[in-house]
Amino acid sequence: MSDPAIDTRNLRVRIGGKEILKGVTVRIPEGKITAIMGPSGSGKTTFLKTLNRLIELNEGVEISGEVRVFGRNIFDMNVYDVRRMFGMVFQIPNPFPHMSIYDNVAIGAKINGLARNKKELDEIVRWALEKAMLWDEVKDRLRDPPWKLSGGQQQRLCLARALALKPRILLLDEPTANIDPVNTLKLEEALRSLKNEEGMTIAIVTHMPHQAVRISDYIIMFYEGRVVEEGPTSDIALNPREEVTRRFLRGEM
Amino acid sequence: MPQLSRMIKDYLFTAAVVVIAFIAILPILHIIVYVSSRGLPVVLEIGIVEFFTSMPAAVIAEKPGGIAPALVGTLFMTALATVIAAPIATLAAIFSVEFPSHPLARLVRVTSRSLLEVATILIGMLVFVLLVLPTGRFSALAGSVALAIVMIPYVYTYVELALMSVPRTYIEAAYAMGMKRAQVIILTLRIARRGVARGIGIAVTKAMGETAPLLFTAGAARNVIFAGPLEPIDALPLMIFHFIQTPFDNWRTLAWGGAFVLLVLYIALFILVRISVKEVRY
Amino acid sequence: MRLARTRHDIIVFYSLALPASLIVLLLLALLLSQLGLSIPVFLVQGVSTYTTTTWRPMYEPPPHGAWYGLLPAIWGTITSTIIAVILALLATISLVVFMEELAPSRVRAAFSTIIDLMAGLPTVIYGLWGLAFLGPLLQDYVMNPLHSHLPFIPLFSCKPLSGATVFTAGVLLAIMITPFMVVVVQESYRSIPVTYKEAAWSLGMTRYEYVKLNLSMITPAIISAILLGFGRASSETAAVTLVVGNAVNIGFCVFAPAYTISSLIANQFTEAQDFPYMLNALFAGGLILLVIGLIVNTLGILMLRRVRF
């Protein structure tokens, strides 16, 4: 792999005394979609949240090991700067309830100082909503509150909100686990176009093997806090080396 | 079918409970009617404008005058107390929510609860020692500080509750976007604004009706409508409390009129707080 | 690995810790000032400040001239509070049972609103009503009849001279503290798991037996409510001062006027500017009120934790 976007070495994470990640050494390629798979409790979400140092919001977190993002050690950086490199979409859609659709998307751009005036802000909001495949559905009701949208639409709104930050890497934590199949496919299409047209690096945690095979270029398989297998999707899907990977792909976990 | 004696006990019990429950709420209903019946005629007879804009007259005067000093005093001191108490209590509540395991957070929580339950006259005595004795005078400021101390635990309790009920996922999303701590706190406050407003509203309602904290702080100045924040001042509950204990008809009349006004203010605020701020739907 | 705390976080921490500390300091100041200003009178009168009944304001200081005994005020506080808590408990249990078991939802909501209204009503209005209406009412319909028919009972052995008595204060306080007690008991009652209720119904219990069972399960909460009510009643000032009569008195009869600690302070504070040591005596009264209040409320909260299913 040429310079990876993310590079971890022997990453160990303990929360409240319990070791969740037991020495994870893995690389996530730039400009590709990487699926992070594994059964529940294998540490996938913890891994994701360590990358943008969100895990540190919990009490009693101990981290050792190295994580480099585009060559920089994130633990040497200001934590807020680290987080601004990433955009994150969560498992359950969580658009800010007290803001309109427009403001939800705009806030990312505002806090990162990406727009100098209202016109530039409008452009970023439109761009983000278009990339999230939501623009057509909300362009006439940008002032509406988010609860008027369906679950799937809210999730695409959250994607737009993340995109407005103009992040270099997108992190998604089982983003389609709670939405219907039609919206799932829309979201996947949005991710694909982000990779192809914007060169976005995407890491998506999923426990649905079909999804992983459908959209990813690279697969990382987690099991019990460790990476047991990693490689290009085509390799892993056809020829999984490990037993757990095989069972997972067959849907037995 | 249970035996007769059990049925009779059950019936008597039910009857007793219903009767006592209704008797228990009778007083407040009667109070509202009674105070209105004695207070409203006073206001009408003196004339609404005069009642609200003039000062109490001398005891031997023909007409009683009005309650302007007390009214202005209550409005001023309640407002000033809110300005003092709301920020302090809100920030303290934010502290308890942001750093829950810090010993200071637990200390503040316990302290707030204690302050909530302490006799308000003791709070008046504290401010007397802190502000009145050193300066040698009663003042609107002292009264406001006393009311502020009464308000703080109420605002603290409700703001803490409101902040804690904001779902964690919004906070995570905010941090994930790279928001700094202060920005996330402000966001949380805005999501919880209904609870915060309610807490402040409840505290204001309480402060407006308090007498004891003002007894030795405000000074009960009745010959001037408003002399300034560093001068003695009257307040509605204080005036009522003092005047009703005097033997002078004029002043007792004003006490009843004032009580009616206080009652109306209270009920109005009560309804307002219940209706609350625009709801935030999740 | 050490996780960096940014300068921003540190600024936020100290900005928030400041107001938080202020609140703690306020309580500390309260405790210290009450104690500090009581000490002078302890130096000249000792502990008998709390155990003697004479109240003799004079310009010459104690112990040879004036004397400030707080026992009558303490007695008045305790007596009025006990009367209040007993009556309020009766009302509280009835209200909770009524709202939780008997009332249709509209009625229950109405009662809830009315109880909230009671909780916040300015106390001086309670006092006014007590003075003008409740006192005379009790005098004519309760105190005089009880005195004329049952004078051999020590509680009723004196004839009320007006509506302003310890008894009246007790009744008024009962009305005022009921809403707070109701909240405590009701919350606890509501938290009884449904499974116990279902078991009781399936055993064929009558409503009376079933309620008794529920109440027995939340006994600590009831005790907590009693303690909380005790604390509230003893702290009340404005309403009590207007109806308690404000006379230095002590005895078994509750139909007589008396002082409570808070009404003594309210009444005598302005006098206290002229007489040396009287102010300190009043602070000594405030001190014991503070201590009683803190103890009772802490016990109340601890009791609440013992409700377990």
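Given the residues C:A91, C:A109, which is the only one that is modelled with pLDDT of 95 or more and part of a helix (DSSP H, G or I)? Going through C:A91, C:A109 in turn, the sole match is C:A91. Condition check for C:I10 on (1) surrounded by fewer than 16 Cβ atoms within 10 Å (Cβ to Cβ); (2) within 12 Å of chain B (Cβ to nearest Cβ); (3) under 29 Å from C:A119 (Cα atoms); (4) β-branched (V, I, T): one failure, at (3).
This table checks each residue for (1) within 12 Å of another protein chain (Cβ to nearest Cβ); (2) of a type in the set (S, T, Y); (3) over 28 Å from B:S114 (Cα atoms).
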{"residue": "C:F152", "(1), (2), (3)": "no, no, yes"}
{"residue": "C:L172", "(1), (2), (3)": "yes, no, no"}
{"residue": "C:L203", "(1), (2), (3)": "yes, no, yes"}
{"residue": "C:Y208", "(1), (2), (3)": "yes, yes, yes"}
{"residue": "C:M217", "(1), (2), (3)": "no, no, no"}
{"residue": "C:A221", "(1), (2), (3)": "no, no, no"}
{"residue": "C:S234", "(1), (2), (3)": "yes, yes, no"}
{"residue": "C:V240", "(1), (2), (3)": "yes, no, no"}
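Whenever a residue of region A:50-70 is surrounded by fewer than 17 Cβ atoms within 10 Å (Cβ to Cβ), its partners that are of a type in the set (G, A, S), lying with C-beta atoms within less than 9 angstrom and at least six residues away or across chains, give the pairs A:N58/A:G16; A:E59/A:G16; A:E59/B:S101; A:G60/A:G16; A:G60/A:G17; A:E62/A:G17; A:F70/A:A5.
Just one of the listed residues (B:I186, B:I191) is facing another protein chain (nearest Cβ under 9 Å) and more than 17 Å from B:V150 (Cβ to Cβ), and it is B:I191.
B:K63 falls short on exactly one of the conditions (1) farther than 30 Å from C:A91 by Cα; (2) over 25 Å from the mean Cα position of the chain (by Cα); (3) buried (at least 16 other Cβ atoms within 10 Å of the Cβ), and that condition is (3). Every condition in (1) part of a helix (DSSP H, G or I); (2) of a type in the set (A, V, I, L, M, F, W, C); (3) in contact (Cβ under 8 Å) with a residue 12 or more places away in the chain is met by C:L28 except one, and the failing one is (3). Which residues, taken from region C:188-201, are away from chain B (no Cβ under 14 Å) and assigned to a helix (DSSP H, G or I)? C:S188, C:R190, C:V194, C:T195, C:Y196, C:K197, C:E198, C:A199 - these are the residues of region C:188-201 that are away from chain B (no Cβ under 14 Å) and assigned to a helix (DSSP H, G or I).
Output the residues belonging to region C:111-120 that are facing chain B (nearest Cβ under 7 Å) and without any contact (Cβ under 8 Å) to a residue 12 or more places away in the chain. Residues satisfying the conditions are C:I114, C:L117, C:G120. Is it the case that some residue within region B:25-47 is in contact with a strand residue (DSSP E or B) (Cβ under 9 Å, 6 or more places away or on another chain) and touching a residue at least 40 places away in the same chain (Cβ under 8 Å)? Yes: one or more hits. Is one or more of the residues making up region A:148-160 touching a residue at least 12 places away in the same chain (Cβ under 8 Å), surrounded by fewer than 20 Cβ atoms within 10 Å (Cβ to Cβ) and away from every other protein chain (no Cβ under 14 Å)? Checked against the condition, which is being touching a residue at least 12 places away in the same chain (Cβ under 8 Å), surrounded by fewer than 20 Cβ atoms within 10 Å (Cβ to Cβ) and away from every other protein chain (no Cβ under 14 Å), region A:148-160 yields at least one hit. Taking region B:97-113 as the range and being in contact (Cβ under 8 Å) with a residue 24 or more places away in the chain, surrounded by fewer than 24 Cβ atoms within 10 Å (Cβ to Cβ) and facing another protein chain (nearest Cβ under 7 Å) as the test, only B:E98 passes.
Considered as a group, the residues in region B:97-107 that are farther than 15 Å from B:V196 by Cα and assigned to a helix (DSSP H, G or I) include one that is farthest from the chain's Cα centre (by Cα), and that residue is B:P103. Being buried (at least 18 other Cβ atoms within 10 Å of the Cβ) and modelled with pLDDT under 95 is a property that A:P4 has. Exactly one residue out of C:P19, C:P72 is touching a strand residue (DSSP E or B) at 6+ places or on another chain (Cβ under 7 Å) and either over 30 Å from C:P193 (Cα atoms) or buried (at least 16 other Cβ atoms within 10 Å of the Cβ) (or both): that is C:P72. Being assigned to a helix (DSSP H, G or I), in contact (Cβ under 8 Å) with a residue 60 or more places away in the chain, surrounded by 15 or more Cβ atoms within 10 Å (Cβ to Cβ) and at the interface with chain B (Cβ under 10 Å from one of its Cβ atoms): is that true of C:V97 here? Here the answer is yes, as C:V97 does meet what is asked. Among the residues of region A:112-128, those identified as part of a loop (DSSP other than H, G, I, E, B), of a type outside the set (K, R) and free of Cβ contacts under 8 Å to residues at least 24 places away in the same chain are A:G113, A:A115, A:N117.
Name every residue in region C:22-44 that is surrounded by 16 or more Cβ atoms within 10 Å (Cβ to Cβ) and out of contact with any helix residue (DSSP H, G or I) (no Cβ under 8 Å at 6 or more places or on another chain), in order of residue number. The answer is C:V44, and nothing else.
So which residues in region A:63-111 are more than 7 Å from chain B (Cβ to nearest Cβ), of a type in the set (A, V, I, L, M), outside any loop (DSSP other than H, G, I, E, B) and farther than 29 Å from A:K22 by Cβ? Scanning region A:63-111 gives A:I101, A:V105, A:A106, A:I107, A:A109. Here the condition is being outside any helix (DSSP H, G or I), surrounded by 24 or more Cβ atoms within 10 Å (Cβ to Cβ) and touching a helix residue (DSSP H, G or I) at 6+ places or on another chain (Cβ under 8 Å); of C:V248, C:V240, C:V182, C:V254, it holds for C:V254 alone. When you scan region B:52-61, do you find a residue that is within 14 Å of B:G258 (Cα to Cα), part of a helix (DSSP H, G or I) and away from chain C (no Cβ under 14 Å), even just one? Yes; the residues of region B:52-61 include at least one that is within 14 Å of B:G258 (Cα to Cα), part of a helix (DSSP H, G or I) and away from chain C (no Cβ under 14 Å).
Could you say whether any residue in region B:199-212 is away from chain C (no Cβ under 12 Å) and out of contact with any helix residue (DSSP H, G or I) (no Cβ under 6 Å at 6 or more places or on another chain)? Checking region B:199-212: not a single residue is away from chain C (no Cβ under 12 Å) and out of contact with any helix residue (DSSP H, G or I) (no Cβ under 6 Å at 6 or more places or on another chain).
The values are calculated or read from the model by the stated rules, or taken from the named source; none is laboratory data. This structure is a prediction, so every number in the text was calculated from the model and none was measured. Cβ atoms come from the backbone with ideal geometry, glycine included; neighbour counts cover every protein chain shown.
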